[in-house]
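Read the structure below first, then the notes.
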Amino acid sequence: MNAAPETGYGQHVAIIGLGLIGGSIARGLRVAGGAASIVGCVATTEDAKRAVELGIVDEATTDLGKAVAGADLVVVAVPVGAMADVFADLARAMPAAAVITDVGSVKMAVITAAREQLGARIGRFVPGHPIAGTEHSGLEAGFGALYEDRRVILTPTPETDRDAFAAVEALWRALGARVTEMDAAHHDEVLAATSHLPHVLAFALVDTLARMAERTEIFEYAAGGFADFTRIASSDPALWSDIVSANRDAVLPVLDRYIGDLEALRGAIAGRDGAMLTSAFGRAKQARDRFASQYIQDQG
Ligand SMILES: NC(=O)C1=CN([C@@H]2O[C@H](COP(=O)(O)OP(=O)(O)OC[C@H]3O[C@@H](n4cnc5c(N)ncnc54)[C@H](O)[C@@H]3O)[C@@H](O)[C@H]2O)C=CC1
Ligand SMILES: O=C(O)C(=O)Cc1ccc(O)cc1
């Protein structure tokens, strides 16, 4: 008999939620080719049928117990607010040795839910977050190359078993990602600033203008700058309501600071303080240019 190839993350992978993120993991694993089986757990029988039709999983089911029955590794890829219920079901259904990881955009709230729901299995849990995505959602939105050369942050807890961490690291490496380890509270502060705040701002700007646009034709005259700034306002509203609520403690301080800086800019515009505006815009340009050259270098 031929021995199955050693993947580092096991042979049987179950993915709970086959939207953009879970669906991209399934597609990427298919291309990588190491897993003997990929089983998806989805919300509806229509999604189950479609996932198998698309060929991204070997099997798809709405029954979580069935999905994880033979799993070596379980990836939870549902909205952050749905994770506690999934963890509670996993604690009952998962094989004792199986490793469990998540992809949630917020880590402290997910770790709290995992501690409450996973009980003795908490050592098998490796919190994770791929810093890769798009403004699109759902089963059809995923693509296998999403994680290539992208960062994935793992935020192990003091309870996390080293072999579980190594398995999840191997999974992301197989998908072409670069794995970084970070403290969960620090992760939430960093992502509040670089991801959650920009989403709030984009949603807020488009909402403000959309309500003005009921009276005017302003969107007809919007250019590339508007499109660049607002792409992420096409993201799923419920998913983002969930993310910023779960990360409230880290989002509020950076949002307050931004509001303060915006008020200062307002004062400078009202007071015709061109020097202040040039100086603030200049600092921003310098930081953004540095970010852009680093980002382009990183993404190859
Ligand atoms: N959208 C993005 O760019 C990124 C999202 N994330 C995180 O990934 C997670 C998933 O987000 P997306 O894939 O974007 O959302 P999505 O909406 O595309 O997919 C989520 C899927 O989970 C399913 N689902 C919900 N509850 C379920 C349950 N109990 N059992 C089975 N399926 C269930 C939904 O039907 C949906 O298909 C979230 O926690 C999000 O914070 C992380 C990085 C990037
Ligand atoms: O669409 C984009 O550019 C994103 O910012 C995607 C994204 C969304 C959520 C995350 O937690 C990480 C990345």
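The values are calculated or read from the model by the stated rules, or taken from the named source; none is laboratory data. This structure is a prediction, so every number in the text was calculated from the model and none was measured. Quick reminder, even Gly has a Cβ in these numbers, built from the backbone with ideal geometry, and neighbours come from all protein chains shown. Note: areas computed on protein heavy atoms with side chains; ligands, DNA, RNA excluded. Shrake-Rupley method; radii C 1.70, N 1.55, O 1.52, S 1.80 Å.
Here are some notes:
- Spacing of the modelled spin labels on LEU265 and SER241, each 7 Å from Cα toward Cβ, amounts to 2.8 nm.
- Label-point separation in nm, ARG272 to GLU59, each point 7 Å along Cα→Cβ: 7.5
- If the segment from THR180 to ARG92 were pulled out straight at 0.36 nm per residue, it would be longer than the present Cα-Cα gap by 28.6 nm.
- Segment 1-46, relative contact order in percent, only Cα pairs under 8 angstrom and at least six apart counted: 47
- From most to least packed by mean Cβ count within 10 Å, the peptides 83-91, 120-128 give 120-128, 83-91.
- Simple rule: put +1 on each Lys or Arg Cβ and -1 on each Asp or Glu Cβ in the chain, find the dipole, and look at GLY225, PRO79, ALA246; the Cα lying farthest toward the positive end is GLY225.
- Cut-off 11 Å (backbone N to label point 7 Å along Cα→Cβ of ALA32), residues of segment 135-165: 147-148
- For the chain: rounded, prolate or oblate by the Cα gyration tensor [a/c cutoff 1.5]: prolate
- Per-residue accessible area (protein heavy atoms, 1.4 Å probe) orders TYR147, TYR295 as TYR295, TYR147, starting from the largest.
- Computed from the C-beta positions of ARG173 and SER279 and an R0 of 41 Å, the FRET efficiency is 0.40 to the nearest 0.05.
- When GluC sites (Glu not before Pro) are flagged only if DSSP places them in a loop and at most 10 other Cβ atoms lie within 10 Å, the longest unflagged stretch of the chain comes out as 7-213.
- Beta bridges from DSSP with both residues in segment 56-177: antiparallel share about 35 percent, rounded to the nearest 5.
- Across the options VAL99, ALA141, GLY271, the greatest Cα extent toward the positive end of the charge dipole of the chain (unit charges at beta carbon of Lys, Arg, Asp, Glu) belongs to GLY271.
- Computed lengthening from ARG231 to ARG248, 0.36 nm per intervening residue step minus Cα-Cα distance: 3.8 nm
- Over the residues of the chain, the helix contribution to mean residue ellipticity at 222 nm works out to -16000 deg cm²/dmol, using -39500 (n - 2.57) for each DSSP H run of at least 4.
- Normalising the average separation of contacting C-alpha pairs (under 8 angstrom, six or more residues apart) by the number of residues puts the relative contact order of the chain at 17 percent.
- Segment 201-231 and segment 81-137: distance between their alpha carbon centers, rounded to Å: 36
- Per-residue SASA entry for HIS136, accessible area with 1.4 Å probe, Å² rounded to 10: 100
- Taking a straight line from the alpha carbon of LYS66, these aspartates and glutamates sit under 12 Å away, with near neighbours fewer than eight places off in the same chain left out: ASP89.
- Assigned charges on the beta-carbon of Lys, Arg, Asp, Glu; the chain dipole about Cα centre (debye): 460
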